[in-house]
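Peer 1: Got a structure for you, questions after.
Since every read-out is calculated from the coordinates, none of them should be taken as a lab result. It should be emphasised that the depicted structure is a prediction, and the values quoted were computed from it without experimental measurement. Note that each Cβ is placed from the backbone with ideal geometry, even for glycine, and that neighbours are counted across all protein chains shown.
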């Protein structure tokens with residue numbers, strides 16, 4: 001466990017999360033007009049502090065998150081690359097990730113639908129700004145103690161492939177397919193043109209998991225998992241969660257369509273549908 005206590009102008013209060021390449025700390029600013037304000041700091045691990053790719057991910061995340069302002073998207077305030085441990089200063093969200101919640105059990109349906117609607121709201125704004133997240137999943141969804149949900153971790157986000165030329169340029173620069181196999185859209189697996197519809201697919205997988213407590217597809221190998229996302233029929237949500245409304249099952253079916261053109265046209269539609277389903281459930285109850 002990291003023994004980090006001070007970060008170039010910030011006092012480290014506690015470590016709140018970690019990944020393969022970075023640690024997230026709850027910190028307090030020590031000086032200036034914002035003295036005493038609390039933030040989250042995403043700090044590269046020692047072994048990645050000079051890694052060109054990871055540093056570029058940190059820079060990309062800063063430039064994207066500092067330019068956007070939406071209640072369901074984490075905001076970035078500062079980037080420090082010159083110290084021994086490069087780090088990014090972000091909103092501090094007091095609350096667990098959806099991954100942590102699901103690890104303890106299936107949440108109430110109304111809560112799951114409401115959280116996913118907030119994610120869709122944030123991603124709708126993100127897509128309107130011209131970006132695609134590429135890594136929508138429970139680990140990157142934080143549910144605040146106040147009920148507000150924020151999408152985090154924009155390290156893999158890129159401009160949408162609005163043209164074939166943009167797509168070919170991105171493929172030339174990127175030698176691998178960034179993302180998480182269990183949540184990756186078919187076009188992302190095939191490394192084809194990416195738009196916000198890839199995030200619609202990933203949110204569909206997340207929605208299925210939040211309601212059913214398991215993923216729609218699972219396999220022992222990444223190759224088999226990829227083939228399921230590419231070719232296997234979309235499983236019924238109600239077969240995994242019999243109490244789920246038929247409307248939720250229908251929504252998951254279209255969000256997980258293999259062809260992006262068969263999915264909902266945008267996240268705002270998804271948000272409206274999720275809230276409608278949640279409202280109908282409360283009325284029925």
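Peer 1: Sort 82-95, 233-246 by the packing proxy (mean of other Cβ within 10 Å over each peptide's residues), most packed first.
Peer 2: Per-residue Cβ counts within 10 Å, averaged per peptide and sorted highest first, yield 82-95, 233-246.
Peer 1: Using 0.36 nm per residue, how much length does the chain from residue 47 to residue 148 gain when fully extended, once their Cα-Cα distance is taken away?
Peer 2: Working: separation 101, 0.36 × 101 = 36.36 nm, distance 3.41 nm.
Contour length minus the Cα-Cα distance gives 33.0 nm.
Peer 1: What ranking of 97, 202 emerges when the number of other C-beta atoms within 10 Å of each C-beta is taken as an exposure proxy, fewest first? Intermediate values should be presented prior to the final figure.
Peer 2: Working: 97 19, 202 26.
In order of increasing Cβ crowding within 10 Å: 97, 202.
Peer 1: How many angstrom lie between the C-alpha centres of the stretch 241-285 and the stretch 71-148?
Peer 2: Cα centres, the stretch 241-285 to the stretch 71-148: 20 Å.
Peer 1: Consider just the alpha-carbon atoms of the chain and return their Rg together with their Dmax, both in angstrom.
Peer 2: 19.1, 57
Peer 1: Measuring from label point to label point, each 7 Å out along Cα→Cβ, what is the residue 15 to residue 31 span in nm?
Peer 2: Each label point is offset 7 Å from its Cα along the Cβ direction, giving 2.7 nm.
Peer 1: How would you rank 180, 206, going from fewest to most other Cβ atoms within 10 Å of each one's own Cβ?
Peer 2: 180, 206
Peer 1: Among 27-36, 70-79, what's the highest-first ranking by average C-beta atoms within 10 angstrom per residue?
Peer 2: Numbers: 27-36: 12.9, 70-79: 18.5.
Going by the mean number of other Cβ atoms within 10 Å, highest first, we get 70-79, 27-36.
Peer 1: Within a 10 angstrom radius of the beta carbon, how do 63, 26, 229, 133 rank from fewest other beta carbons to most? Provide the component values of the computation, followed by the final result.
Peer 2: Working: 63 13, 26 18, 229 23, 133 27.
Fewest-to-most ranking of 63, 26, 229, 133: 63, 26, 229, 133.
Peer 1: When the helix-only estimate is applied to the chain (DSSP H runs of n ≥ 4, each -39,500 (n - 2.57), divided by the residue count), what is the mean residue ellipticity at 222 nm, nearest 500 deg cm²/dmol?
Peer 2: Values: 10 runs with 114 residues, N = 285.
Calculated mean residue ellipticity at 222 nm is -12000 deg cm²/dmol.
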